[in-house]
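For reference, the structure is listed below as structure tokens.
The values are calculated or read from the model by the stated rules, or taken from the named source; none is laboratory data. As the structure is a prediction and not an experimental result, all values here were calculated from the model. Every residue, glycine among them, receives a Cβ derived from its backbone with ideal geometry; neighbour counts consider all protein chains shown. Just the protein is used for accessible areas: all its heavy atoms, side chains included, with ligands, DNA and RNA removed. Shrake-Rupley method; radii C 1.70, N 1.55, O 1.52, S 1.80 Å.
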Amino acid sequence: MFVLTHLFFSIGEVFYSSYKNLKVRLAKKKLSEQDKNILKNLFPYYANLDAGHKQEFIEKVEWFIAEKNFLPRGELRMVTQEMELLISATAVMVTFGFPGVTLKHFKKILIYPDSYYSTINKQFHQGEVNPKLGIIVLSWENFVKGFIDLQDGINLGIHEIAHAMKLENQIHYNSESNFFNPTLWGRYAENAALEIEKILNGEETIFRSSAANNQHEFFAVALEVFFERSVELKSYNQRLYQSLVYLLRQDPIVLGREV
């Protein structure tokens, strides 16, 4: 009886998984030429890719948009296509080295018009990631600020997606965990620890002071700098930069030379 029950549950899980995949495929819409032009004009990472990588990027953005629920919060009345596009493109950029990673655990992306007040810790936030609820929260105004200056190493979208990516790697029930190579993570962590120590000692560094709060925060800040100030980071600390290249399976400097 147990075997039959287990079999029925297994069959049910297969059908449910197939049904969910079918729903995503039906919901997936091709990006329009206007969408692609927005990415070309506002997203240098995409604009600098060669034709093959551009197509790969577009397809992953389409899947990301189809899989996520983008929900307005606060005084934001609706989520526009441009909002979905730029947030999804940011997520795809950060995860581009892992074609199968779409941050499955985080099904909802909540968007506030500006910094919002958290009733949990009684503080204002620009963004956060909540693994328990499976949500990524962003302040649109602060997200946009990340695009105003693409070389200051401050980008809310990259920061929160980095947090989500690190957590996704540790969530073991959705078939998307452990994509970071443990050995490569260890090498990165060694270099990160040295940088955190420098910050705490008041030494000059390319990273802002909040990066030393903990290893999770350093990873998020490091990825902001990695994508926005790639050349400077490599010049500042080549070992740390290279450890991130291997860990994330991409090199923004090389990708930026493809066109």
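In the range 103-135, which residue that is aromatic (Phe, Trp, Tyr) and open to solvent by 10 Å² or more (accessible area, probe 1.4 Å) is modelled with the highest pLDDT?
Of everything passing the filter in the range 103-135, Tyr112 is modelled with the highest pLDDT.
Restricting attention to the range 222-239, which residues are touching a residue at least 24 places away in the same chain (Cβ under 8 Å), out of contact with any His (no Cβ under 7 Å at 6 or more places or on another chain) and not hydroxyl-bearing (Ser, Thr, Tyr)?
Ala222, Leu223, Val225, Phe226, Phe227, Glu228, Arg229, Glu232, Leu233, Asn237, Arg239, listed by residue number.
Tell me, which residue of the range 150-197 that is open to solvent by 70 Å² or more (accessible area, probe 1.4 Å) and among the charged types (D, E, K, R) is nearest to Phe98 (Cα to Cα)?
Restricting to residues being open to solvent by 70 Å² or more (accessible area, probe 1.4 Å) and among the charged types (D, E, K, R), the top hit is Arg187.
Which of the residues that make up the range 136-149 are open to solvent by 10 Å² or more (accessible area, probe 1.4 Å) and touching an Asp or Glu at 6+ places or on another chain (Cβ under 7 Å)?
Going residue by residue through the range 136-149, those that are open to solvent by 10 Å² or more (accessible area, probe 1.4 Å) are 140-142, 144-145, 147-149.
Once the filter is applied, which keeps residues that are open to solvent by 10 Å² or more (accessible area, probe 1.4 Å) and touching an Asp or Glu at 6+ places or on another chain (Cβ under 7 Å), the range 136-149 yields only Glu141.
List every residue pair whose Cβ atoms sit under 8 Å apart, with the two residues 6 or more apart in sequence or on different chains, where the first one lies in the range 240-259 and is in contact (Cβ under 8 Å) with a residue 40 or more places away in the chain and in a loop (DSSP other than H, G, I, E, B) and the second, anywhere, is among the hydrophobic types (A, V, I, L, M, F, W, C) and surrounded by fewer than 16 Cβ atoms within 10 Å (Cβ to Cβ).
Short answer, once both residue conditions are applied: Val259/Ala47.
Is it fair to say Phe106 is under 20 Å from Trp140 (Cβ atoms) and touching an Asp or Glu at 6+ places or on another chain (Cβ under 8 Å)?
Values: under 20 Å from Trp140 (Cβ atoms): yes; touching an Asp or Glu at 6+ places or on another chain (Cβ under 8 Å): yes.
Considered against the rule, which asks whether it is under 20 Å from Trp140 (Cβ atoms) and touching an Asp or Glu at 6+ places or on another chain (Cβ under 8 Å), Phe106 comes out as yes.
When the residues of the range 198-234 are narrowed to those that are of a type in the set (Gly, Ala, Ser) and part of a helix (DSSP H, G or I), which ends up most open to solvent (accessible area, probe 1.4 Å)?
Ser209
Need the failing condition index for Gly100 against (1) assigned to a strand (DSSP E or B); (2) surrounded by fewer than 13 Cβ atoms within 10 Å (Cβ to Cβ); (3) within 15 Å of the chain's Cα centre (by Cα), just the number.
Against the list (1) assigned to a strand (DSSP E or B); (2) surrounded by fewer than 13 Cβ atoms within 10 Å (Cβ to Cβ); (3) within 15 Å of the chain's Cα centre (by Cα), Gly100 comes up short only on (1).
Kindly evaluate Lys68 against the criterion of being more than 12 Å from the chain's Cα centre (by Cα), among the basic types (Lys, Arg), buried (at least 16 other Cβ atoms within 10 Å of the Cβ) and farther than 19 Å from Lys36 by Cβ.
Considered against the rule, which asks whether it is more than 12 Å from the chain's Cα centre (by Cα), among the basic types (Lys, Arg), buried (at least 16 other Cβ atoms within 10 Å of the Cβ) and farther than 19 Å from Lys36 by Cβ, Lys68 comes out as yes.
Filtering the range 35-64 down to residues that are of a type in the set (Lys, Arg) and within 20 Å of Arg257 (Cα to Cα), which residue is most open to solvent (accessible area, probe 1.4 Å)?
Lys40
Sort through Phe143, Phe124 and tell me the only one that's without any contact (Cβ under 8 Å) to a residue 60 or more places away in the chain and in a strand (DSSP E or B).
Just a single option satisfies the conditions, and that option is Phe124.
List every residue pair whose Cβ atoms lie under 8 Å apart, where the two residues are 6 or more positions apart in sequence or sit on different chains, the first residue falls within the range 83-95 and is free of Cβ contacts under 8 Å to residues at least 24 places away in the same chain and within 18 Å of Arg73 (Cα to Cα), and the second residue, located anywhere, is open to solvent by 10 Å² or more (accessible area, probe 1.4 Å) and assigned to a helix (DSSP H, G or I).
As it stands, the answer is Glu84/Ile65, since those pairs meet every condition given.
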